[in-house]
Ligand code: ADP
Ligand code: ZN
Ligand code: ZN
């Protein structure tokens, strides 16, 4: 027997791969039962906020067990039909619970049931009377003093609820300050203000014109385009002019950028060009601001939406164009929970919205190159740097027999001296922060290791701490060897901090700037460091991959890459691709028209074929060779992968037992053509005290893999051995 409709099919946040049926709330107007509205439902003993996905005529749930929804939270859908479709597609492709997919899609405040209202973000600012008060004088009211001080220092003179510490009952304090007439309440608009001045677009070179025209021709239909052009070749200019065309046609543009690429400089460039409000969605945004920008985009009030990974889920009233800048960047893949690729979802969204999707990169992913090679994407090449700047010259430095000084070989030091004397700047790239990756006892060979991970602790000399870069554990640097009591503990190997220190000795008075996660932790620190370099106050830059994106250093004439060997010998088959991309991206930061750059790469593998391909033939030749290797080895993009991961505290036994049973089920279900490899322990077996194992599924044909994953994922939910571990399914994993 079944219950007759209307039945609400609701995506409820839960780890189960299904929708849940509910009766409408008592007295609900049937006209308001629109897919895309939020519904509060009873679920076990909780009352979560779900999303109404569909309304059915009947339910298979026995009448006695069918529960009634508690309330409809919206009068109009917050999730438009196209995003419901995108979410359904993603839940199917990633074999992820639809409730969790929709949770990811919604801004946090909407997940929590807040009203979907476009409005300014409430904020507080000092009145004239408030500005006249000296906070130090308020010794009897320390919290009032604290707020006055914060308001005095706040950017724009305003604080929003997101800026305030959660622990204090600051609302009461603010009320007191408002009552005293020292503080007033206001509303801050959530969109970046419309530009005042416009810059004039440059005349495009022929390759750029062809690219802009190709995007324009694709208007109104789905067409993926791969914009392949070295750094400085004018890709961003192509985006800007293609966006201008879309805006002129009354359409909106969605621009996705890597996490590290959404800098004030990037936003400023858009703002200088377009006299329209921008919706900027980045990770530092307060929740109210995010909600406001999200809703404004959905109502078409923001012609340009620019954001990182999750911005792919921003609703658009009049979509016209989607751009994914630096499409190869790993930050487009979410690495936990719902493991989606924003780049790939941007393409699906483009298909659903019938708009062109531009993927841009100086170093396209092998996946995208193959898609272009097989004609699925239209490839647009910008072969030259805009303004005809010269390409940098590459040189491999064999350091096998070199006497390194803090990681720097004599020929590199000599080259640095030459460039500095000639008035140039130098950029050194080392993808390892801290002072040294290892602390070792010279007496007995003891090494400082993390207690919770299979990893060594990194020495951070300036902070006087040993830190684990995998779990965040830290401790003071011991004075004595815990094993033998010896006092001769020595740092082994180089991190950016140590190189910075060594450079200070070699080039006194030149000004060295270090750019890594440690030196840029404070807000605005990155901008200050970069400004110092661009103004010429600092002439040597040393840093991690944070230097590889977003910034251009026209004064840099020499780029030194201190250690590429790690990338050539990793167990991960993507390591070579990543290393090549980093080298090209870092090299691309340097030089300008009148000063061709030089790139020096230190290596102990001067004959490595991938390195030779890269420096002699550029990224193109490297990519062709790497693709041939992948094809021969049966790896992506020529096969499809999925990884089942499992972890548990206490030991490998439970993760392995669970994955053994998964492997058994997979083999039983598998069609011919899906290979089941493992389980094996993860590359880092133990992390943060948890033991980790994985099972790899490979199929030459994507469809075969998904035909297996569908039923397998449902079986995993019910497996007894799965209760004892934390497991996840990663489709198209970036890290294997
Ligand atoms: P990319 O995004 O490929 O790194 P950009 O679009 O940032 O390249 O261009 C690099 C530099 O060249 C920028 O300063 C940009 O203003 C300038 N530029 C781009 N296209 C042109 C052009 N057609 N004429 C003159 N300058 C250009
Ligand atoms: Zn010792
Ligand atoms: Zn650790």
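Worth a mention:
- Spin-label model, residue 421 to residue 61: label points 7 Å out along the Cα-to-beta-carbon direction sit 8.0 nm apart.
- Three-way shape call for the chain based on the alpha-carbon gyration tensor, with the a/c threshold at 1.5: rounded
- Its DSSP H runs of at least 4 residues, each contributing -39,500 (n - 2.57), put the calculated 222 nm mean residue ellipticity of the chain at -9500 deg cm²/dmol, to the nearest 500.
- Our estimate of slack between residue 714 and residue 537, defined as 0.36 nm per intervening residue step minus the Cα-Cα distance, is 57.8 nm.
- Using the Cβ-Cβ distance between residue 32 and residue 330 with R0 set to 45 Å, the FRET efficiency from 1/(1 + (r/R0)^6) comes to roughly 0.60.
- For residue 317 and residue 444, the FRET efficiency from 1/(1 + (r/R0)^6), where r spans their Cβ atoms and R0 equals 56 Å, is about 0.25.
- Computed lengthening from residue 669 to residue 259, 0.36 nm per intervening residue step minus Cα-Cα distance: 143.7 nm
- Order of 727, 294, 89 - criterion: other Cβ atoms within 10 Å of each residue's Cβ, fewest first: 89, 727, 294
- Zone of residue 523's modelled label, taken as backbone nitrogen in segment 250-278 under 15 Å from a point 7 Å along Cα→Cβ: 264
- Estimated distance in nm for a label pair at residue 71 and residue 401, the labels positioned 7 Å out from Cα along Cα-to-Cβ: 7.9
- Stretched out straight at 0.36 nm per residue, the stretch from residue 179 to residue 484 would grow longer than its current Cα-Cα span by 103.2 nm.
- Whole-number percent relative contact order across the chain, with pairs defined as alpha carbons under 8 Å at least 6 apart: 10
- Spin-label pair residue 267/residue 465, simplified geometry with 7 Å Cα→Cβ offset, distance in nm: 2.8
- 127, 46 arranged by Cβ crowding within 10 Å, fewest neighbours leading: 46, 127
- Order of 523, 180, 549 - criterion: other Cβ atoms within 10 Å of each residue's Cβ, fewest first: 523, 180, 549
Readers should treat all values here as calculations from the given coordinates under stated rules, not as data from a laboratory. These numbers come from a predicted model, not from an experiment. With ideal geometry, Cβ positions are generated from the backbone for all residues, glycine too; neighbour counts draw on all protein chains shown.
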